[in-house]
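> Handing you a structure now.
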Amino acid sequence: EVESAARDSANVEDSAEGKSSEAQKFCIEKHRQYVLKLQENTNTFEYAVTEFLRMSGIYWGLTTMHLISAGDQMKSQEIAEWVMKCQHPSGGFGGSINHDPHMLYTLSAVQILAILDRMELIDKDKVAEYVAGLQKEDGSFVGDEWGEVDTRFVYCALNCLSLLGQLHRIDVDKAVAFVVSAMNFDGGFGCVPGAESHGGQAFCCVGALAIAGALHHLRPDDLGWWLCERQVQGGGLNGRPEKLPDVCYSWWVLSSLVMLGRADWIDRKALAAFILEAQDTHAGGIADRPGDEADVFHTFFGVGGLSLLGYTQDRPGGIAGLKRVDPVYALPVETLERMGLPVWPVA
């Protein structure tokens, strides 16, 4: 049911000029320049205090640039060399050079190398051994040697190992069972069994089940209803009831709805308008909500959200230069096609 529903498509409305109003408002060149400046400005306070998540920051920026047809403007060779300097002897990757390895940054590292088409740089068996070693007997995964359990890490493990062609290294059935055990009465998912449903965890759990071919465990209408209720006045999405809207949920919540085949359960044009209002039309970048400071995290998820909404260059009235993103792997579709991996149908 879920897979077939996901194949339903929705058209983007055209304006008289052949471009949607959304396409006319998207500051694509400003966003390109914004990310390029982040690549160059390495002496700022912001750069210093975000060292611990530099790997994810590069993933957000690089993916954004590829989605807006500017990947060739990134310093690909320098990025690939830097990523490899972050690898630990265990096989895992840290958030920066000389940082401890962690599941989150290991996935980001593999995603970066996949986008750059430099997977030959890594010892796939060694990385897979590290990831597989973080699985517990109940099927869950810890993030690192310190033992935090979170459904996010199941998604990271399945995504990473799928990109490496190494899913056989883990007990996928047990991983699926753990994810299903975190499903709540409302159809949503928490960090661990019994925890409050959260939009970010919904993406991780639905994405993990999609990679494992186990979406049949979901209650798609219950989860779809909970997810569509995340849309608030003004068009934005939040992650939990009574919270403010945030552009990042244009990814976490919307990608889950796309995988469920229920992206039309929200007001798509209102969400697009919210994302566009959060743009910095002068310096580029996208903020968490209109009026706030832009950052690369929300820039990626805003761009990704518009791509998921169908405002891509291959659609009527789409944004020139905006490419398709895959809702499962959170990678450009062109990357998955090059690697021979399955691509989710257009929503």
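> Hey, of (1) -0.40; (2) -0.35; (3) -0.64, which did the structure itself give for log10 I(q)/I(0) by the Debye sum over Cα atoms at q = 0.08 Å⁻¹ when calculated?
Answer label, from the structure shown: (2).
> Please report, in Å, the Rg and the Dmax of the range 205-261, where both are computed over Cα atoms only.
Every Cα atom of the range 205-261 included, Rg and Dmax give 11.7, 36 Å.
> While we're on this one: By the gyration tensor of its Cα atoms, with a ≥ b ≥ c the square roots of the eigenvalues, what is the shape of the range 109-247: rounded for a/c under 1.5, prolate for a/b over b/c, or oblate?
Since a/c reaches 1.5 and a/b is larger than b/c, the shape of the range 109-247 is classed as prolate.
> Going through the range 101-170, which trypsin sites (Lys or Arg not before Pro) have at most 16 other Cβ atoms within 10 Å and a DSSP loop state?
Passing both the DSSP loop test and the Cβ count: K136.
> Counting Lys and Arg as +1 and Asp and Glu as -1, what is the net charge of the other residues whose Cβ lies under 10 Å from the Cβ of W265?
Around W265, the surrounding residues sum to -2.
> Something else now. Around R169, under 11 Å between beta carbons, what's the net of Lys plus Arg minus Asp minus Glu among the other residues?
-2
> For every helix of n ≥ 4 consecutive DSSP H residues, a contribution of -39,500 (n - 2.57) applies; sum these over the chain, divide by its total residues, and give [θ] at 222 nm rounded to the nearest 500 deg cm²/dmol.
Result for the chain, helices only: -13500 deg cm²/dmol.
> In whole Å, what is the distance between the alpha-carbon centres of the range 52-97 and the range 192-213?
Spelled out, the Cα-based centre of one part sits 25 Å from the other.
> Another question, then. At a 1.4 Å probe radius, carbon and sulfur cover how many percent of the accessible area of the chain?
Carbon and sulfur atoms account for 50 percent of the accessible area of the chain.
> Quick one: longest stretch of the chain between exposed loop GluC sites (Glu not before Pro), exposed meaning at most 15 other C-beta atoms within 10 Å and loop per DSSP?
Free of exposed loop sites, the longest segment is 18-136.
> Identify the trypsin sites (Lys or Arg not before Pro) of the range 235-344 meeting these criteria: DSSP loop state and at most 13 other C-beta atoms within 10 Å of the C-beta.
For trypsin sites (Lys or Arg not before Pro) across the range 235-344 that sit outside H, G, I, E and B with at most 13 neighbouring Cβ atoms in 10 Å, the list is empty.
> Could you compute the net charge surrounding V232? Neighbours are other residues with a C-beta less than 14 Å from the C-beta of V232; K and R count +1, D and E count -1.
Net charge in that neighbourhood comes out at -2.
> Next question. Before I look further, what does the chain give for accessible area per residue, probe 1.4 Å, in whole square angstrom?
Ligands and nucleic acids excluded, the figure is 41 Å² per residue.
> Right, here's the next one. In this model, which of K75/K323; K243/K323; K85/K126; K243/K269; K174/K243 are farther than 23 Å apart at the alpha-carbon?
K243/K323; K174/K243
> How much accessible surface area, in Å² rounded to 10, belongs to the heavy atoms of L276 with a 1.4 Å probe?
Rounded to the nearest 10, that gives 20 Å².
> Let me ask another. Filter the chain for me: DSSP H helices, axial length by Cα at least 27 angstrom, mean Kyte-Doolittle hydropathy not below -0.5. List them by residue number.
none
> Here is a follow-up. Give me a comma-separated list of calculated 3J(HN,Hα) values for the range 237-245, in order, Karplus coefficients 6.51, -1.76, 1.60 applied at θ = phi - 60°, integers in Hz, x for any Gly or Pro.
10, 10, x, 8, x, 6, 9, 6, x
> Still on this structure, please answer the following. Excluding the sites themselves, what is the longest stretch of the chain that contains no chymotrypsin sites (Phe, Trp or Tyr not before Pro) in a DSSP loop with at most 16 other C-beta atoms within 10 Å?
186-347
> If you don't mind, there's one more thing I want to ask. When the chain is treated as a GNM, springs tying every alpha-carbon pair under 10 Å, which of Q135, Q233, Q39 comes out with the largest mean-square fluctuation?
Q233
The values are calculated or read from the model by the stated rules, or taken from the named source; none is laboratory data. These numbers come from a predicted model, not from an experiment. Here the Cβ is made from the backbone with ideal geometry for all residues, glycine too, and neighbour counts use every protein chain on show. These area figures cover heavy atoms from the full protein model, side chains too; ligands, DNA and RNA do not enter into them. Shrake-Rupley method; radii C 1.70, N 1.55, O 1.52, S 1.80 Å.
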